[in-house]
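So the structure is just underneath, and the comments pick up after that.
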Amino acid sequence: MVRGVRRGSVVIRRAEERDAGRLTRLVRRSRAYEGRYSSMVEGYRVGPDYIAAHRVFVAVEEPSGEEEAGGERVVGFYALMVEPAELDLMFVSDQAQGCGIGRRLVEHMLGEARSAGIDRVRVVSHPPAEGFYRSVGARLVGTVPADPPAVRWDRPELEFVVGD
């Protein structure tokens, strides 16, 4: 059964090493990377070392009373690189698409960038995600050429201007 996200039940917290497996599964199972894009995430791993080295934040749906035994559910995450400033990863689970999680993650990321003294954040986007990034304020600044064998397509390069 596909279920959405209950409004107000999602919190964004710093990722912990114990989240690595769930984040890896979210990346590898993303329908956005099926078909011609599958080579991009084939064998991809979000490891504990990556989480420890970078600003990785996870959106989790907290359990309701009847679900407490199962614990929280990961519905998305992002990784912000500080030097150079770049949104390295951002994923929202297929089941949570359209529930505002991506928008909340971007807002959180911009707050993190602001607190780190960053004024612009680069995004090399998965082509189907370009429209989303533009809808939340990123502007197109160029194109990153294909880099076979893993990336066989050009990707839009966008930029967020971090405001006050």
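Things to note:
- Anisotropy class assigned to the stretch 21-164 is oblate, per the alpha carbon gyration tensor with a/c at or over the 1.5 cut-off and a/b no larger than b/c.
- With contacts taken as Cα pairs under 8 Å at a separation of at least 6 residues, the chain carries a relative contact order of 19 percent.
- Within the accessible surface of the stretch 76-125, defined with a 1.4 Å probe on protein heavy atoms only, the carbon and sulfur portion equals 42 percent.
- Of all the options Ser93, Ser125, Ser30, the one that moves most in a Gaussian network model of the chain with Cα springs shorter than 10 angstrom is Ser30.
- For the stretch 76-120, the equivalent ellipsoid derived from the Cα gyration tensor has semi-axes of 22, 11, 6 Å, listed largest first.
- Between Arg152 and Glu42, the distance separating the two model label sites (each 7 Å from Cα on the Cα→Cβ line) works out to 0.9 nm.
- Here r is the Cβ-Cβ distance between Val161 and Val82 and R0 is 22 Å; the resulting FRET efficiency, rounded to 0.05, is 0.85.
- Toward the positive end of the charge dipole of the chain, with +1 on the Cβ of Lys and Arg and -1 on the Cβ of Asp and Glu, the farthest Cα among Tyr33, Leu80, Ser125 is that of Tyr33.
- Using heavy atoms of the protein chains and a probe of 1.4 Å, the accessible area assigned to Ile118 is about 20 Å².
- Choice from Ala15, Ala146, Ala129 showing the highest fluctuation, given a GNM over the chain with Cα pairs closer than 10 Å: Ala146
- The modelled label-to-label distance between Arg114 and Val141, using points 7 Å beyond Cα along the C-beta direction, is 1.9 nm.
- Heavy-atom accessible area per residue - the stretch 72-164, 1.4 Å, Å²: 48 Å²
- Nearest-ten-degree value, helix 20-29 long axis tilted from longest Cα axis of the chain: 70 degrees
The values are calculated or read from the model by the stated rules, or taken from the named source; none is laboratory data. What you are looking at is a predicted structure, and each value in this text was computed from that prediction instead of being measured. Heads up, the Cβs are rebuilt from the backbone with ideal geometry, glycines too, and the neighbour counts pull from every protein chain shown. Just so you know, the surface numbers come from the protein's heavy atoms only, side chains and all, with ligands and any DNA or RNA stripped out. Shrake-Rupley method; radii C 1.70, N 1.55, O 1.52, S 1.80 Å.
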